[in-house]
1. What shape does the stretch 11-139 take by its C-alpha gyration tensor, where a ≥ b ≥ c are the square roots of the eigenvalues and a/c under 1.5 counts as rounded, a/b above b/c as prolate, and the rest as oblate?
2. Round to the nearest 0.05 the FRET efficiency obtained for Lys358 and Leu90 when R0 = 45 Å and r is the Cβ-Cβ distance.
3. Net charge near Arg362, counting Lys/Arg +1 and Asp/Glu -1 over other residues with Cβ under 11 Å of its Cβ?
4. At Lys179 and Lys322, where each label point lies 7 Å from the Cα along Cα→Cβ, what is the point-to-point distance in nanometres?
5. Cα centroids of the stretch 231-260 and the stretch 141-155: how far apart, whole angstrom?
6. Dimensions of the chain along principal axes (Cα, Å, largest first)?
7. Given the options Gly320, Val58, Val194, identify the residue whose Cα lies farthest towards the positive end of the charge dipole of the chain (+1 on Cβ of Lys, Arg; -1 on Cβ of Asp, Glu).
8. Can you compute log10 of I(q)/I(0) for the stretch 238-306 with the Debye formula, treating each Cα as one identical point scatterer, at q = 0.23, 0.27 Å⁻¹?
Amino acid sequence: MDTKALDKQYIMNTYGRYDVALKSGKGCTAYDEDGKKYLDVSSGIGVNALGYSDDGWVNAVTAQLNEIQHMSNYFYSSQSSKLAEKLCSLTPFTKACFGNSGAEANECAIKIARKYSFDKYGEGRNEIITLKDSFHGRTITTLSATGQDKFHNYFFPFTEGFKYAEADIDSVKNLFSDKTCAVLIECVQGEGGVNIMDREFVQKLRKICDKKDLVLIVDEVQTGIGRTGKLFCYENFDIVPDLITCAKGLGGGLPIGLCLCTEKLENVLVPSTHGSTFGANPAVCAGANYVIDTITSGDFLNEVNKKGAYLMDKLKNLDGVKSVRGLGLMIGIELEKDNAHDIAVKCVESGLLIITAKNLLRMLPPLIISYDEIDEAVKILDKTIQEDI
Ligand SMILES: *Cc1c(COP(=O)(O)O)cnc(C)c1O
């Protein structure tokens, strides 16, 4: 049986897959099993920050694999300590906690917020306010945290203690009670449709959380690691969260989850309150160290901003495109005809790997995409849209 047939027969049907079996890739180019070439503006949902199989990243990971591939968290490990030091020296955060995915990072953040409150105020102060149209993961608790009704089905009972506000300060305030312990937001909602938070809203949230001693958590799983032209997206809003979560782009293609917290939260977790067998894997952290070194060197992040502006400008001028929104290289495209999914499928057939979010086309290109590749991506998208009109 070929790959597609094997998958259909033996893998649980949890994904609506495109009709393509990818085999290899380099930079922004991927090849399927028949040797057909694709230009990628999705980076495996923002994961392959440096594109496919970047030489330096592969070397960093394989060198570590040849050294030691795993040790339990009962032992010290240089790759994770170096990565934590690097991240803390680049940000206002003081300590890191590693896991393996975005959902796990959010679980960790939720535990830290609730225990901070428990330690200080005792039982009962445990509610977390999240936003409508948010997405925080697929575990029972992070589904609960996700502010979209369609995710709150089948798997009852869900974790209690989440309330959902509109992205507006009065709506958040209306949900405050003496049980509230934290607010969790994405500064740009990814899965929810590339919704950029209002700057004033985010700043007011920061102030209120300070006043009420609520933990402000920013989910940077999709927006982090240079995606929006800053190392972390919250920097665009001139605030410092108490806690951020990070995953997708950090490992450059290997699974990693991360929580970073400020000093006030750094001693909340103690031995036996949290852990992960695979968390802080040295090969994964070697890759992450390489990713962080690359995107924080020279003009890399400025280039992400410039390329994002260049790409959005081109997209805005296409016939059939109603509006374009985004930050850096995290871009949503609203079409005149409400058929983003069909267009995405046709783009893939025409050699452009693109994804959707709600009713939008979504582009999360590798951060290393070139201007020529941007031109080529826009050309394929334009042709696909025009053929459909
Ligand atoms: C993808 C995503 C998650 C979940 O990450 P997983 O690694 O799939 O568990 C959580 N939050 C946001 C904002 C995401 O985009």
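1. Values: a/c = 2.46, a/b = 1.45, b/c = 1.70.
In terms of gyration-tensor shape, oblate.
2. Working: r = 32 Å, r/R0 = 0.72.
Using R0 = 45 Å, I get an efficiency of 0.90.
3. Values: positive: Arg325, Lys358; negative: Glu191, Glu334.
Summing Lys and Arg as +1 and Asp and Glu as -1 gives 0.
4. 3.8
5. Using only Cα atoms, the two centres lie 22 Å from each other.
6. 61, 52, 47 Å, listed from the longest principal axis down.
7. Ranked along the dipole, the leading option is Val194.
8. -1.15, -1.20
Since every read-out is calculated from the coordinates, none of them should be taken as a lab result. This one's a predicted model, so the numbers in the text were calculated from it and none came from an experiment. Neighbour counts run over all protein chains shown; Cβ positions are idealised from the backbone, glycine included.
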